[in-house]
Amino acid sequence: MFEEFSFNPENIDEGEYMPIISVSDDEEPTEHEEFPEILPVLALKNTVMFPGIVIPITVGREKSIRAVRKAHRGDKLVAVLSQKDDSLEDPGFEDLFRIGTVAKILKLLKMPDGSITAILQGRGRYEVMEPTSEDPYLEARLEKMPFQNVTDNLEFEALVSSIRELSEKIIRMSPNIPTEAVVMIKNIKNDGFLLSFVASNLGIDVEKKQELLEYRDTVKMAKRVHEFMHNEMQILELKNQIENKVRGDIEKQQRDYFLNQQLKMIQEELGQSPHEEELAELEQRARKKKWDESVAEVFEKELGKARRINPQVAEYSVTLNYLELLLDLPWNEYTKDNFNLQDVKKVLDKDHFGLVDVKKRILEHLAVLKLKGDMKAPILCLVGPPGVGKTSLGKSIANALKRKFVRMSLGGLHDESEIRGHRRTYIGAMPGRIIQGLKKAKSANPVFILDEVDKVGKDFRGDPSSALLEVLDPEQNTTFHDNYLELEYDLSKVLFIATANSLSSIQPALLDRMEIIEISGYSTEEKIEIAKHHLIPKQRKEHGVTGKDVRLPAETIRAIIESYTKESGVRALDRQIASVMRHYAKMVAMDEPHSPTVRAEELQEILGPTRFSKELYTESQGPGVAVGLAWTRVGGDILFIETSLSEGKGKLTLTGNLGDVMKESASTALSFIKANCDKIGIESSVFGQMDIHIHVPEGAIPKDGPSAGITMLTSIASAFRKKPIKPFLAMTGEITLRGKVLPVGGIKEKVLAAKRAGMKEILLSAENEKHVREIDSAYLEGLKFVYVDRMEEVLNHALGIWSF
């Protein structure tokens, strides 16, 4: 459409479109008018100047001001060229079109901000032949470029007449153009000036206006102007039709909606509806999916619904998101498993040291799958202390099987909707994280890690662990129901691997659905092997050093493990090795002389003073002090039980942040000693004369469980008999009032903790012997195991005080 006819110099900028003003007949340029060969050049933004047209421009750029003042002091002529790129603030000749208009400066107005507003009148076309200067202003050598003579006057007159009529129609149909413009059009008698005037006011971009300016043939220019005007006329007519159609359906406050409707109607008339194209693309993708008939039926239904909904309604985007989810989910799309069992075993062994039970279970599953061809995936739960490689093992299994890997952290999860998704009726509804994970994996049989399943929360928003019952039940997960998806999805081919530090906080129903595989802590020997084959190469790579720069022998690694770490896993060991690598990386980077071999005696200089010492546990203890073995969430640990006697009335005091079960073990131990005092060699009267205080050090740490029973009994007996317990002896076991020693759990972690602490003998229940046999004999070197059934045997071995 035509640009608006108005002139307000205060609102005109050099970078904006300029209003256009006609001139009177006596001021119109002529073809025979002569111009100087060299003229200053003024760069024009966002519009093109045509011969015969008067335009005001605000000149703000320094070069442009110099060029205008130079021209104004002389013959008042300046060459005007349009910029190719409006964003440039300091254009050169390469940034300007070569064909422009010579303009006469009719008037200069100095503005308050220091800029100049110049009133310019186009006098004739020219072409830049040669730039002569770019500083202090643009200047060029020009050559006049007249229009060719019209050969077919009849055709030209018809075109001009049509253009005049179209101009009048467009002015009347455009609400933004004042009707006085019709009078202006009628008063223009010169055909060439009429073409320039109309071309200047067309609502087309600068490139198209420049195209009109560059025509040498006046007839061709008239045809092109007529074509542009015809297009604008069609758009105006169509817009009026649209306005008439929708005016009755809308109210004043629905202005935004009305504009969108106009856009939609225009696109439909042009056959360019983006929403229809989008839905057609979804339909095309659906033909390639291998989904069930029920899913296809739902997709077709939702697609039909999307076609009926107005795209501006919020429900349209909800339906579109649902359709895209259906297409993105891997329906019956599986990756091919790696059935080369030797290769799988090699990959698992390369990535993780030990963990025999887990690797064996994965290989068994693959073997059955290879023979049978189809099998529900097992649901494994890896339980063990932090840092033993539970999560990283899941990724290793995915690599070995050549499956996709998805990890979902459940730590601190409180909302059931995170598992099952939200219903689509809610704003911002999303599918659950199970479905999102499968969408991301693009495979229906990935290895899916459910990390920290023992740390799932529970509050008013629901119980996520109950929602996991359906996911982790092989009998139910073939028809898993997500609230957002509202379709049954088969999860039976997904290999779910849950990880946990403890089973105590997992609800029994969920625990029953998983195959528990316990991953115990590593022995010192295992840690040394892990450090050699995994941790040291990894830290060398991360710190940019090589084996020539730093080497850690086995004895140095052992010293780091025993003096600087106290854990079942290897995370702290990894951090300490990283500290050693940083120390040597600094020396290598600074070209300091050093020996690449790290000796154990150098560790204090690198890592600081030792943090843990065996001497605490191996030094001789006085009467009443026994060494017990405990299992914690971070693995096995050594536990001192201290008993002291003082004059009193037989009161029993327990300190050390003990739980109820541990307190009951102390009461049971004291009752057994009182009942058998004559056999132990204690006067019965002494129990009423002495107060007993039992303390377990490290009082800030909560302690509970029955496994300290025999340790407490031995400690109390030692205090009453004033006889020290056998040195280098640790023990663990539950007791009964009848004196029986019952088995306890966490044997491997406890045994490894005893070995780390330098113990030489361990007292255990006879029923725990089978658990000790499961431990690699190489890790038990230097340990002697004493298996007992009754407390009499414990006291006899530890104190030598029981009379059979």
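For the range 153-208, enumerate the residues that are closer than 21 Å to Met49 by Cβ and outside any helix (DSSP H, G or I).
Ile177, Ile188, Asn190, Leu202, Gly203, Ile204, Asp205
Please indicate, with yes or no, whether at least one residue in the range 57-68 is within 24 Å of Lys208 (Cβ to Cβ) and in contact (Cβ under 8 Å) with a residue 12 or more places away in the chain.
Within the range 57-68, one or more residues are within 24 Å of Lys208 (Cβ to Cβ) and in contact (Cβ under 8 Å) with a residue 12 or more places away in the chain.
Restricting to the range 45-97, name every residue that is part of a loop (DSSP other than H, G, I, E, B), within 50 Å of the chain's Cα centre (by Cα), within 22 Å of Ala199 (Cβ to Cβ) and not acidic (Asp, Glu).
Once the filter is applied, which keeps residues that are part of a loop (DSSP other than H, G, I, E, B), within 50 Å of the chain's Cα centre (by Cα), within 22 Å of Ala199 (Cβ to Cβ) and not acidic (Asp, Glu), the range 45-97 yields Lys45, Asn46, Thr47, Val48, Lys84, Phe97.
Scanning the range 786-804 for residues that are assigned to a strand (DSSP E or B) and not hydrophobic (A, V, I, L, M, F, W, C), which turns out nearest to Leu355 (Cα to Cα)?
Step by step, filter the range 786-804, then rank; the result is Tyr787.
Residue by residue, here is whether (1) open to solvent by less than 30 Å² (accessible area, probe 1.4 Å); (2) of a type outside the set (Lys, Arg); (3) touching a helix residue (DSSP H, G or I) at 6+ places or on another chain (Cβ under 7 Å); (4) under 27 Å from Asn340 (Cβ atoms) holds:
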position: Ile435; (1), (2), (3), (4): yes, yes, no, no
position: Asn445; (1), (2), (3), (4): yes, yes, no, yes
position: Leu468; (1), (2), (3), (4): yes, yes, yes, no
position: Phe480; (1), (2), (3), (4): yes, yes, yes, no
position: Ser492; (1), (2), (3), (4): yes, yes, yes, yes
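Taking the condition surrounded by 15 or more Cβ atoms within 10 Å (Cβ to Cβ), under 57 Å from the mean Cα position of the chain (by Cα) and touching a residue at least 60 places away in the same chain (Cβ under 8 Å), does Arg123 pass?
no
Take the conditions open to solvent by less than 60 Å² (accessible area, probe 1.4 Å) and touching a Lys or Arg at 6+ places or on another chain (Cβ under 9 Å) and apply them to Ala140. Does it pass?
no
Can you name every residue in the range 622-641 that is buried (at least 17 other Cβ atoms within 10 Å of the Cβ), at pLDDT 70 or above and either part of a loop (DSSP other than H, G, I, E, B) or aromatic (Phe, Trp, Tyr) (or both)?
Within the range 622-641, Pro623, Gly624, Trp631, Phe640 meet the criteria.
Specify the residue that is most open to solvent (accessible area, probe 1.4 Å); the eligible residues are those in the range 758-785 that are part of a helix (DSSP H, G or I) and touching a residue at least 24 places away in the same chain (Cβ under 8 Å).
Top of the filtered list is Glu767.
Might you check whether a residue that is β-branched (Val, Ile, Thr), farther than 30 Å from Val102 by Cβ, open to solvent by less than 30 Å² (accessible area, probe 1.4 Å) and modelled with pLDDT under 85 occurs anywhere in the range 210-224?
no
For the range 228-312, give me every one of the helices (runs of 4 or more DSSP H) that falls completely inside it and has 1 or more residues that are open to solvent by less than 50 Å² (accessible area, probe 1.4 Å) and either among the polar types (S, T, N, Q) or at pLDDT below 70 (or both).
Of the helices (runs of 4 or more DSSP H) lying wholly inside the range 228-312, those with at least 1 residues that are open to solvent by less than 50 Å² (accessible area, probe 1.4 Å) and either among the polar types (S, T, N, Q) or at pLDDT below 70 (or both) span 255-269.
Mind checking whether some residue in the range 374-394 is surrounded by 16 or more Cβ atoms within 10 Å (Cβ to Cβ), touching a strand residue (DSSP E or B) at 6+ places or on another chain (Cβ under 7 Å), of a type in the set (D, E, K, R) and closer than 26 Å to Glu333 by Cα?
No.
Condition test on Asn676, is it on the phi > 0 side of the Ramachandran plot, in contact with a Gly (Cβ under 8 Å, 6 or more places away or on another chain) and either open to solvent by 80 Å² or more (accessible area, probe 1.4 Å) or not hydroxyl-bearing (Ser, Thr, Tyr) (or both)?
So Asn676 does not fit the description; no.
In the range 553-584, which residue that is surrounded by fewer than 19 Cβ atoms within 10 Å (Cβ to Cβ) and aliphatic (A, V, I, L, M) is farthest from Val383 (Cα to Cα)?
Ala554
Filtering the range 333-367 down to residues that are part of a loop (DSSP other than H, G, I, E, B) and at pLDDT 85 or above, which residue is most open to solvent (accessible area, probe 1.4 Å)?
It comes out as Lys336.
Inspect all residues belonging to the range 596-606 and state whether any of them is touching a His at 6+ places or on another chain (Cβ under 8 Å) and open to solvent by less than 50 Å² (accessible area, probe 1.4 Å).
Among the residues of the range 596-606, at least one is touching a His at 6+ places or on another chain (Cβ under 8 Å) and open to solvent by less than 50 Å² (accessible area, probe 1.4 Å), which makes the answer yes.
Determine if the range 502-509 includes at least one residue that is of a type in the set (A, V, I, L, M), over 29 Å from the mean Cα position of the chain (by Cα) and closer than 21 Å to Glu418 by Cα.
Yes - at least one qualifying residue is present in the range 502-509.
Which residues, taken from the range 642-664, are part of a helix (DSSP H, G or I), open to solvent by 50 Å² or more (accessible area, probe 1.4 Å) and aliphatic (A, V, I, L, M)?
The one that is part of a helix (DSSP H, G or I), open to solvent by 50 Å² or more (accessible area, probe 1.4 Å) and aliphatic (A, V, I, L, M): Val661.
Being closer than 27 Å to Gly745 by Cβ, within 25 Å of the chain's Cα centre (by Cα) and either modelled with pLDDT of 85 or more or part of a helix (DSSP H, G or I) (or both) is the requirement here; does Leu393 meet it?
The answer is yes for Leu393.
Please enumerate the residues belonging to the range 524-577 that are assigned to a loop (DSSP other than H, G, I, E, B) and small (Gly, Ala, Ser).
Hits for the range 524-577 are Gly544, Gly547, Ser568, Gly569.
The values are calculated or read from the model by the stated rules, or taken from the named source; none is laboratory data. Not measured: the values here are computed from a predicted model. Cβ coordinates were reconstructed from backbone atoms using ideal geometry, including for glycine residues, and neighbour counts include every protein chain displayed. Just the protein is used for accessible areas: all its heavy atoms, side chains included, with ligands, DNA and RNA removed. Shrake-Rupley method; radii C 1.70, N 1.55, O 1.52, S 1.80 Å.
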